[in-house]
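Just below is one structure, and these are the notes that go with it.
Read the figures in this text as sums done on the coordinates, not as results from a lab. Predicted model only: the values in this text are computed from it and were never measured. Cβ: placed from backbone, ideal geometry, glycine included. Neighbour counts: every protein chain shown.
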Amino acid sequence: MNIQTAPAERKRQRQQAVLEAIGAEPLATQQDIARALRKKGIDATQVSISRDISELGLVKAAGRYVSGHPAAPPVADPLAALVKAVAAAGPNLVVVKCDTGAAPRVGLALDQLGLPGVVGTLAGDDTVFAAVSTAADNTRLVRLLQSRIPAVRTGPGSVGPRQA
């Protein structure tokens, strides 16, 4: 990359290169992505790659990074495809267990639903915490997830337990 290129353009080029790299070969770690970028003449820090992964909506599936973009065909309905279990954790928190690496995608899907009473989500690797305004909102969210994911396994404190 030309050193004279504007920072925003360098970022766009780096992110495009990340997408090309994960499409060309299975890349399981941020170090794998950094190596693939270096082969293309792009030096990137771990922090930049981590931000790129987040901004591009990449998720890990089958041990490798893949696009988690809402339009990506492999995960048309992330709630149905990636959620393993849901449980209430007190009156204002719902815990959603996901496939490994899928929590950011599930958190994004919950945010995009724009459900009333859902204040926000926090996603780790395989768990999403959804903060809700009231106990009634908690019950509604758990029931909604259970209805959309018929095979979901519920945990202690969940509403209307159903075993898969």
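Each Lys or Arg adds one and each Asp or Glu subtracts one; over the other residues with Cβ under 11 Å from the Cβ of Val119, this totals -2. Seen from Ala103, the other residues with C-beta closer than 9 Å to its C-beta sum to a net charge of -1, counting Lys and Arg as +1 and Asp and Glu as -1. Using R0 = 25 Å, the C-beta based FRET efficiency linking Glu55 and Ala136 works out to 0.15. Compared with the alpha-carbon gap, the fully stretched path from Arg148 to Gln31 is longer by 38.5 nm at 0.36 nm per residue. Using the Cβ of Ala6 as centre and a radius below 13 Å, the other residues enclosed give a net charge of +3, where K and R count +1 and D and E count -1. Between Asn92 and Phe129, residue separation times 0.36 nm minus the direct Cα-Cα distance comes to 12.3 nm.
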